[in-house]
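Single-structure report; data block below.
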Amino acid sequence: MPSIDTARILILATDGYERSELRVPLDELTKRGAKVTIASPEKRAIKSWEKGDWGDTVDVDLTAKDVFSRDFDALVLPGGQINPDLLRKDPDAMRVVSDFVDSGRVVAAICHAPWLLIEADALKGRKATSYASIRKDVENAGAQWVDVKVVCDHGIITSRSPDDLEAFVAKIVEEIEEGRHDRRAA
């Protein structure tokens, strides 16, 4: 069981990520001592989407094709509408998500990022939450959708929106410190 101050965490994102949903976990987990790496399909700065316009950028450390789940303790998937929609069409990004799910490592998705878990067939038979507008997508993927700040089912963490970031980050820390999770077959 890793302590958060020795944990290695991967954030997978691309252009159009919700700024706070990447920045808050990045800053808070780093502040607690975790080593946080940003991955994307391309190794270049990626742009946030904030309040109807392009926002700031974050540098990418690693391409998705070069990610191996064994090198990390957890995967964080920020939302926004654009970011997860682009990532779920990228085979390298989806391999990363699937590998983390299959490995039993912590996977945390907020807002629209559960679309990536849907694409990876990771929600069937689980409890989950998301941004309200994709509730039907989550339910159609076989999950029981719950309207609460954060839901965790066998190390798969889901959260609704930027309003829930404090609870989301706290649950990521808790689950990382619990260690790997046995996941029942969906």
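We did not get these values from a lab; they are worked out from the coordinates using the rules stated. All values derive from a computational prediction rather than experimental measurement. Note that we place each Cβ from the backbone using ideal geometry, even for glycine, and neighbour counts take in every protein chain shown.
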Least to most buried among R70, R105, by other C-beta atoms within 10 Å and fewest first, runs R70, R105
Per its Cα gyration tensor (rounded if a/c is under 1.5, else prolate when a/b beats b/c, else oblate), region 79-186 is best filed as rounded
In debye to the nearest 20, the charge dipole size for the chain, taken about the Cα centre with +1 at each Lys and Arg Cβ and -1 at each Asp and Glu Cβ, equals 300
The rounded separation in angstrom of the Cα centers of region 71-150 and region 1-41 is 16
